[in-house]
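**Q** The structure follows.
The values are calculated or read from the model by the stated rules, or taken from the named source; none is laboratory data. Keep in mind that this is a model prediction, so the values were computed, not measured. No Cβ is skipped: glycine too gets one built from the backbone with ideal geometry, and neighbour counts run over all protein chains shown. Side chains are part of the model used for accessible areas, which takes the heavy atoms of the whole protein and leaves out ligands, DNA and RNA. Shrake-Rupley method; radii C 1.70, N 1.55, O 1.52, S 1.80 Å.
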Amino acid sequence: MYCFGGYGAYNSLPVESYYLNLTSIFRATIMNQLEFCHSFPAIRGIQASRPCYIAMCPMRIIPTLFKFDEEEVPPELRAQRTINKSRIPEITSYLLDNPTDYTFSSLTASVNAIVNFKPLSDTGAGQNMGTLFIPMDAQILINDGQHRRAAIEQALKENSELGYDNISVLFFIDEALGRSQQMFADLNKHAVRPSDSISTLYDFRDSLSDLARFLSKEVDVFSRMTEMEKSSISNRSSKLFTLSSIKNASKALLRKGSKDLITEDDKLIAAHFWTEVTQNMPDWINAKNKDIVTHELREQYIHAHGVMLQAMGNIGADLLSNFESNWIERLTQLSKIDWSRQNKDWEGRALVHGRVSKARTNVLLTGNYIKQHLNIPLNDIEEKLEKELH
């Protein structure tokens, strides 16, 4: 039996040999195509009338798959900002410290080549699910996620097992550098960093955040008067404190770093301190009991602002370490301080041109004034600031 005519040398071959040769040629063609392509399980979609693809990529290939524009290239010829290397160790530590409990959002990348998408089927849901083939010589630039990419590279050097995990990547087909630059601008234009308060509320890895949440429940005035989501209080809010200000003030109180462990004893000490402070702040109690309108309290008094809470955290650290036997008694002098904005002594301390300031220098100078009323000596830095003020 012979094959179809018109195929040169093949027309004299048996049918079996003909199909064997065709199969070999077909396999070789497919293998050559695949040999020079990256392939990923992917879903196809459309954005702004352009196809895009979301794929799951093994983390081990991320460092070699994605390029980053060299720093020495001028900004107008790059598609990204230069990488901030100081951010990488923190993200790397997050990965290494939580290998079974981390969360990474998708990378966004642009591909400057023709890609091939092989759907599972020609119709139905399967037509947008399949395999994405990207030529190996294609340039793939990250439009969003360059710091995550660098952190993954560093983390893999210390824990290669992370390489078997996956990260989702959203691929766009890039038409030119200008398109990539516009993508970068668009992706970052509307990005909003979450407030410190809501980050504190939702962060269950951070022991200082855990402390703040504990205090917001255990200290009576905090439990009634704390803004849990925002890091600033609106003019008409019924709240007096923010969760982030409680966290930062308590961090100063316990003299703890961001990575330090907060013990149960630390929590109880902080709760005891803030409860005692509250007992000597009648306006706080009146606000809690709704005997005073909270927004009027903020308009007229210094002690209704974060600068005072932060200053008290600093003062509390000195009280607990240097006046262990009578720190509670010293706090009774708080009720005798004139907290009114009309008190000219606050200008240059808690106030700058009549406006409340939470700058570090203002926090220290506010603390100086409180310390003087509590009969607590100033340290060298505080003494220097006091002399500069006068």
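**Q** Of the numbered conditions (1) more than 21 Å from the chain's Cα centre (by Cα); (2) of a type in the set (D, E, K, R); (3) more than 18 Å from HIS303 (Cα to Cα), GLU229 satisfies every one except a single condition; which is it?
**A** (1)
**Q** If you don't mind, another one. Do we have ILE83 as surrounded by 11 or more Cβ atoms within 10 Å (Cβ to Cβ) and at pLDDT below 90 here?
**A** Against the criterion (surrounded by 11 or more Cβ atoms within 10 Å (Cβ to Cβ) and at pLDDT below 90), ILE83 qualifies.
**Q** Taking region 117-126 on its own, how many of its residues are at pLDDT 90 or above and of a type in the set (A, V, I, L, M, F, W, C)?
**A** Final tally of qualifying residues: 2.
**Q** When region 347-384 is examined, which residues are found to be without any contact (Cβ under 8 Å) to a residue 40 or more places away in the chain, open to solvent by 30 Å² or more (accessible area, probe 1.4 Å) and not in a loop (DSSP other than H, G, I, E, B)?
**A** GLU347, VAL352, ARG355, ARG360, THR361, GLN372, ASP380, ILE381, GLU383, LYS384
**Q** If you check ILE114, ILE134, ILE198, which single one turns out to be assigned to a loop (DSSP other than H, G, I, E, B), of a type in the set (A, V, I, L, M) and modelled with pLDDT of 85 or more?
**A** ILE114
**Q** Could you check, for region 99-108, whether at least one of its residues is at pLDDT 90 or above and not in a loop (DSSP other than H, G, I, E, B)?
**A** Scanning region 99-108, I find at least one residue that is at pLDDT 90 or above and not in a loop (DSSP other than H, G, I, E, B), so the answer is yes.
**Q** A further question on this structure: Taking region 144-158 as the region of interest, how many residues are under 18 Å from HIS38 (Cβ atoms) and outside any helix (DSSP H, G or I)?
**A** Qualifying residue count for the region: 1.
**Q** Sticking with this structure for a sec: From SER39, SER49, which residue is within 23 Å of ASP165 (Cβ to Cβ), of a type in the set (Ser, Thr, Tyr), more than 28 Å from the chain's Cα centre (by Cα) and at pLDDT 80 or above?
**A** SER39
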